[in-house]
Amino acid sequence: MKFEDLKLSPDVLRAVADAGYTEPTPIQELAIPYVQMGRDILGCAQTGTGKTASFVLPMIDILTAGRARARMPRSLILTPTRELAAQIAGNFETYGKYHKLSMALIIGGESIVRQVQKLDRGVDVLIATPGRLIDHFERGGLLLNDVKILVIDEGDRMLDMGFIPDIERIVSFLPKIRQTLFFSATFPPEIRRLADKFLINPKEINVTPPASPAEMVDHFLVPAGMREKLAVLRRLLSAEEVQNALIFRNRKRDVDVLANSLKRHGLSAAGLHGDMPQPKRTETLRAFKAGEINLLVATDVAGRGLDILGLSHVFNFDVPIHAEDYVHRIGRTGRAGRAGRSITLALPEETRALAAVAGLLGHPIPEMAVTGLD
């Protein structure tokens, strides 16, 4: 199938062609026709499958008809992290460049005054994280009774981050008659309950088994004690052909410690976590994507919605607490048909967490021997 077969407008097709795409991914092929019909969608898609464009492309055409009024957005996209919100905004800019849709990005860590100014002018597309959206609503600077399309992205991540009460509250402000698109990589019972509550006769789309790992990634395990982990990581960074890498830690306070240690050893590294000011987070991501930084040490804030073309490696300095997060972490590499490598450094006491990851993968992670340690 070609994008032309999906009955998108000529301007959207031109923007897609400009971006270098000719064939839709499975989630795009299945979802776009139902979005165009006005159906509610319950979509399960692995990270890196092109899910964002599956709702952005038809939304651009749908929203072309109509005009936004001050403080009354015509569509709302809820995301769990600032990084994912920024990526979705980038999709609208790329694919909507031949349209005149207005857009606002409402996230924490940025000037609320400038955000209010955008809302006052009226926006067709409002992309927001839950906390900042509620802040605007409570200040009286936002009305949600003209929202025609609601998108809830990364539903399971919303659940993990404790946003579900906020989501339920936000949805209570919206019109009962609307189109709702609900996407999640996994569907635990709480997410199913929300879907049943928010969606009307949805079309369920499942393009991959829930939480399935990226097929192009080779997985390796390196057992290591806490005192030797850093030396093992430095040795791996030297021995592997690392073009660029994400290095995951479970706790925010440990991110800066590891990033600073790598820098002291002459490596090009930076940290990324939720406590950083938004301008610094944005600049760090820009530098990493531009190749000015080769190693990005991060919490799971970078586990979803971060699209780095050609990322060669993912290192799990800590085994993830939740097995599903392993899938999202490694999904940053092995994208768009390229091979990737995932290496996990595991302490003896992380056996239970490793077993959960192995259960999700369907097999244990093979061990890798590391030689040349001091």
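The values are calculated or read from the model by the stated rules, or taken from the named source; none is laboratory data. Quick caveat, the model's predicted, so the values are computed rather than measured. Reconstructed Cβ throughout: ideal geometry from the backbone, glycine too, with neighbour counts over all protein chains shown. Surface accessibility is based on the protein's heavy atoms, side chains included, excluding ligands, DNA and RNA. Shrake-Rupley method; radii C 1.70, N 1.55, O 1.52, S 1.80 Å.
Give me a count of the residues in region 236-259 that are assigned to a helix (DSSP H, G or I), within 26 Å of the chain's Cα centre (by Cα) and of a type in the set (S, T, N, Q).
Of the residues in that region, 0 qualify.
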State whether the residues of region 144-161 include one that is more than 25 Å from GLN28 (Cα to Cα), among the charged types (D, E, K, R) and in contact with a Ser or Thr (Cβ under 9 Å, 6 or more places away or on another chain). no
Helices (runs of 4 or more DSSP H) wholly inside region 14-120 containing at least 2 residues that are open to solvent by less than 10 Å² (accessible area, probe 1.4 Å), touching a residue at least 40 places away in the same chain (Cβ under 8 Å) and touching a Cys at 6+ places or on another chain (Cβ under 9 Å): none
Would you check which residues across region 160-175 are free of Cβ contacts under 8 Å to residues at least 24 places away in the same chain and closer than 20 Å to GLU83 by Cβ and list them? GLY162
Within region 121-159, track down each residue that is under 18 Å from LEU84 (Cβ atoms) and small (Gly, Ala, Ser). ALA128, GLY131, GLY155
Yes/no for ILE149 being surrounded by 16 or more Cβ atoms within 10 Å (Cβ to Cβ) and either farther than 19 Å from PHE182 by Cα or without any contact (Cβ under 8 Å) to a residue 24 or more places away in the chain (or both): no
Could you look through region 121-135, keep only residues that are in a loop (DSSP other than H, G, I, E, B) and among the β-branched types (Val, Ile, Thr), and pick out the one that is farthest from the chain's Cα centre (by Cα)? VAL123
I'd like to check something: does region 270-288 contain any residue that is in contact (Cβ under 8 Å) with a residue 60 or more places away in the chain and among the aromatic types (Phe, Trp, Tyr)? no
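Let's see how each residue does on (1) modelled with pLDDT under 85; (2) more than 26 Å from ILE88 (Cα to Cα); (3) of a type in the set (Phe, Trp, Tyr); (4) in a helix (DSSP H, G or I):
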{"site": "SER261", "(1), (2), (3), (4)": "no, yes, no, yes"}
{"site": "GLY274", "(1), (2), (3), (4)": "yes, no, no, no"}
{"site": "LEU296", "(1), (2), (3), (4)": "no, no, no, no"}
{"site": "VAL301", "(1), (2), (3), (4)": "yes, no, no, yes"}
{"site": "ASP307", "(1), (2), (3), (4)": "yes, no, no, no"}
{"site": "PRO320", "(1), (2), (3), (4)": "no, no, no, no"}
{"site": "GLY337", "(1), (2), (3), (4)": "yes, no, no, no"}
Would you be able to say whether some residue in region 248-261 is over 23 Å from TYR326 (Cα atoms) and of a type outside the set (D, E, K, R)? yes
Take the residues of region 324-373 that are touching a residue at least 40 places away in the same chain (Cβ under 8 Å), in contact with a helix residue (DSSP H, G or I) (Cβ under 7 Å, 6 or more places away or on another chain) and of a type in the set (Gly, Ala, Ser): which is farthest from VAL232 (Cα to Cα)? SER342
In region 136-155, which residues are at pLDDT below 95, outside any helix (DSSP H, G or I) and within 20 Å of the chain's Cα centre (by Cα)? ASP153, GLU154
Return the residues of region 253-274 that are open to solvent by 40 Å² or more (accessible area, probe 1.4 Å) and either touching a Gly at 6+ places or on another chain (Cβ under 6 Å) or among the aliphatic types (A, V, I, L, M) (or both); say none if nothing qualifies. ASP256, VAL257, LEU267
Can we say VAL222 is touching a Gly at 6+ places or on another chain (Cβ under 8 Å), touching a residue at least 24 places away in the same chain (Cβ under 8 Å) and under 28 Å from ALA185 (Cα atoms)? no
